[in-house]
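The values are calculated or read from the model by the stated rules, or taken from the named source; none is laboratory data. This structure is a prediction, so every number in the text was calculated from the model and none was measured. We place every Cβ from the backbone using ideal geometry, glycine too, and count neighbours over all the protein chains shown.
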């Protein structure tokens, strides 16, 4: 299976759709496994969102360069791809990949909404003979007004993953928890995820970079810094969201965004190095 990642951007969402259609038309044989749209004004652009089958994610998060909308496309070639509402299944080399997006719950606070989307995802896996510890490779949590709603996400996630046997003594899941607003105005938390069925034993190796980063459990959160997956003769290094922190969990270079960015990139580099990769492999 071949893979391709591309980011497209445009002034408006309709213009972005047109650019995406042209990009895909010029690449016959490639299938979209996952799409994530970044919207500068989710309230105004909500009515312009077009229905699409498969795993699609929409986030109110303005592109850095001032574009009105951007999309990250993950494409594959040489695999069997099936798209249904909210789900893309990619089959290749004895593995079946499940990509999901835009999972939200509009009821309650961030604690209750995290509880709802995670339990829904656990049920989704169990219905297909999978489990959260064994098959979920990566999660993305987007949190509206993260300063006020992150604590509820952290508490709910910690309680739920413990019921699934995920602890500091076993492992967690590579993840991102970042500020971003779901399109649904009642939703405070959105979950996108990637799970794989059919991984050989020992295919997942978790990454720590202990000279630069602490275990996340040191400050009460429950995710891995990254994971390397080995299957079908290839390796994938999946890096979690990180920041300008050290191996004691302390924030470095407070107030200096340039130095904090440098440290964040350095931390990512150390995780890649531990996995046997580098920035040239991104």
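Worth pointing out:
- Selection of the stretch 91-120 for residues being more than 22 Å from residue 164 (Cα to Cα) and under 17 Å from the mean Cα position of the chain (by Cα) yields only 102.
- Residue 55 falls short on exactly one of the conditions (1) loosely packed, with under 13 Cβ neighbours inside 10 Å; (2) assigned by TED's automatic domain parsing to the domain that holds residue 22; (3) at pLDDT 95 or above, and that condition is (1).
- Restricting attention to the stretch 245-264, the residues that are part of a strand (DSSP E or B) and out of contact with any strand residue (DSSP E or B) (no Cβ under 9 Å at 6 or more places or on another chain) total 0.
- Looking at 86, 101, just one residue is surrounded by fewer than 20 Cβ atoms within 10 Å (Cβ to Cβ), more than 20 Å from residue 18 (Cα to Cα) and in contact (Cβ under 8 Å) with a residue 24 or more places away in the chain, and that residue is 86.
- Leading residue by the ranking (surrounded by the fewest Cβ atoms within 10 Å (Cβ to Cβ)) among those in the stretch 188-198 that are in contact with a helix residue (DSSP H, G or I) (Cβ under 7 Å, 6 or more places away or on another chain) and more than 16 Å from residue 221 (Cβ to Cβ): 197
- Within the stretch 148-179, the residues that satisfy the criterion of being buried (at least 20 other Cβ atoms within 10 Å of the Cβ) and in contact with a helix residue (DSSP H, G or I) (Cβ under 8 Å, 6 or more places away or on another chain) are 152, 153, 156, 157, 161, 166, 172, 173, 177.
- Selection of first residues in the stretch 247-273 that are touching a residue at least 60 places away in the same chain (Cβ under 8 Å) and of second residues that are surrounded by fewer than 16 Cβ atoms within 10 Å (Cβ to Cβ) and assigned to a loop (DSSP other than H, G, I, E, B), restricted to Cβ pairs under 7 Å at least 6 apart or on distinct chains, gives the following pairs, ordered by first then second residue: 270/211.
- Positions within the stretch 198-216 being without any contact (Cβ under 8 Å) to a residue 60 or more places away in the chain and in a loop (DSSP other than H, G, I, E, B), in sequence order: 200, 201, 202, 203, 210, 211, 212, 213, 214, 215
- Strands (runs of 3 or more DSSP E) within the stretch 12-83 that include 2 or more residues over 17 Å from the mean Cα position of the chain (by Cα): 69-77
- Just one of the listed residues (62, 70) is farther than 23 Å from residue 203 by Cβ, in contact with a strand residue (DSSP E or B) (Cβ under 6 Å, 6 or more places away or on another chain) and assigned by TED's automatic domain parsing to the domain that holds residue 13, and it is 70.
- Residue match in the stretch 116-125 (condition: without any contact (Cβ under 8 Å) to a residue 12 or more places away in the chain and closer than 22 Å to residue 36 by Cα): yes
- Hits in the stretch 199-214 - residues which are surrounded by fewer than 19 Cβ atoms within 10 Å (Cβ to Cβ) and under 9 Å from residue 226 (Cβ atoms): 206, 208
- Which numbered condition residue 242 misses (of (1) touching a strand residue (DSSP E or B) at 6+ places or on another chain (Cβ under 7 Å); (2) closer than 27 Å to residue 109 by Cα): (1)
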